[in-house]
Amino acid sequence: MSARPVKRSLTLRGHRTSVSLEDAFWHAFREIAVAECKPLNVLAAEIDEKRGVEAGLASAIRVYVLGYYKTR
């Protein structure tokens with residue numbers, strides 16, 4: 001697993017974008033999508049809609065993953 005962020009592609013509401021996430025966060029994000037029975041792009045779009053303008057999408061995903069596992 002890479003400790004350095006890797007650029008990943010997503011489609012949010014029909015538009016392609018990319019996020020740079022470490023492998024551990026990317027794999028956890030994918031696990032959450034499976035557990036929630038949601039396509040990865042749908043979960044990413046939900047996180048994107050809720051994030052503030054001061055937070056980037058990659059940061060918002062990291063915080064979401066952390067919060068998800070913290071509450072379990």
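So, in segment 25-46, how many residues would count as being of a type in the set (Lys, Arg) and part of a helix (DSSP H, G or I)? I'd like the intermediate steps shown before the answer.
Looking only at segment 25-46, we keep the residues that are of a type in the set (Lys, Arg), and these are 30, 38.
Right, trim to part of a helix (DSSP H, G or I) and you get 30.
Residues flagged as of a type in the set (Lys, Arg) and part of a helix (DSSP H, G or I) within segment 25-46 amount to 1.
Can you run down the residue pairs with Cβ atoms below 6 Å, 6 or more apart or on separate chains, where the first is in segment 25-42 and without any contact (Cβ under 8 Å) to a residue 60 or more places away in the chain and more than 14 Å from Ala58 (Cα to Cα) and the partner is of a type outside the set (Gly, Ala, Ser) and in a helix (DSSP H, G or I)?
Ile32/Tyr68; Ala33/Leu40; Ala33/Leu43
Which residues, taken from segment 1-23, are loosely packed, with under 14 Cβ neighbours inside 10 Å and among the basic types (Lys, Arg)?
Answer for segment 1-23, where residues must be loosely packed, with under 14 Cβ neighbours inside 10 Å and among the basic types (Lys, Arg): Arg4, Lys7, Arg13, Arg16.
Restricting attention to segment 47-58, does a residue exist that is on the phi < 0 side of the Ramachandran plot, loosely packed, with under 10 Cβ neighbours inside 10 Å, in contact with a strand residue (DSSP E or B) (Cβ under 7 Å, 6 or more places away or on another chain) and not in a loop (DSSP other than H, G, I, E, B)?
No, segment 47-58 contains no residue that is on the phi < 0 side of the Ramachandran plot, loosely packed, with under 10 Cβ neighbours inside 10 Å, in contact with a strand residue (DSSP E or B) (Cβ under 7 Å, 6 or more places away or on another chain) and not in a loop (DSSP other than H, G, I, E, B).
Name the residue, out of Leu43, Leu12, Leu21, that is within 12 Å of the chain's Cα centre (by Cα), at pLDDT below 95 and not β-branched (Val, Ile, Thr). Break it down stepwise before answering.
Numbers: Leu43 fails: at pLDDT below 95; Leu21 fails: at pLDDT below 95.
Result of the check over Leu43, Leu12, Leu21: Leu12.
What number of residues in segment 1-24 are within 13 Å of Asp48 (Cβ to Cβ), of a type outside the set (D, E, K, R) and not in a strand (DSSP E or B)?
Total meeting the criteria: 1.
Just give me the residues in segment 24-43 being more than 20 Å from Lys70 (Cβ to Cβ) and surrounded by 13 or more Cβ atoms within 10 Å (Cβ to Cβ), in sequence order. First the steps, then the outcome.
Here is the first cut: in segment 24-43, the residues more than 20 Å from Lys70 (Cβ to Cβ) are 37, 39-42.
Scanning segment 24-43 gives Leu40, Asn41, Val42.
The values are calculated or read from the model by the stated rules, or taken from the named source; none is laboratory data. None of the values given here were measured: they were computed from a predicted structure. Don't worry about glycine lacking a Cβ; one is built from the backbone with ideal geometry, like all the others, and counts go over all protein chains shown.
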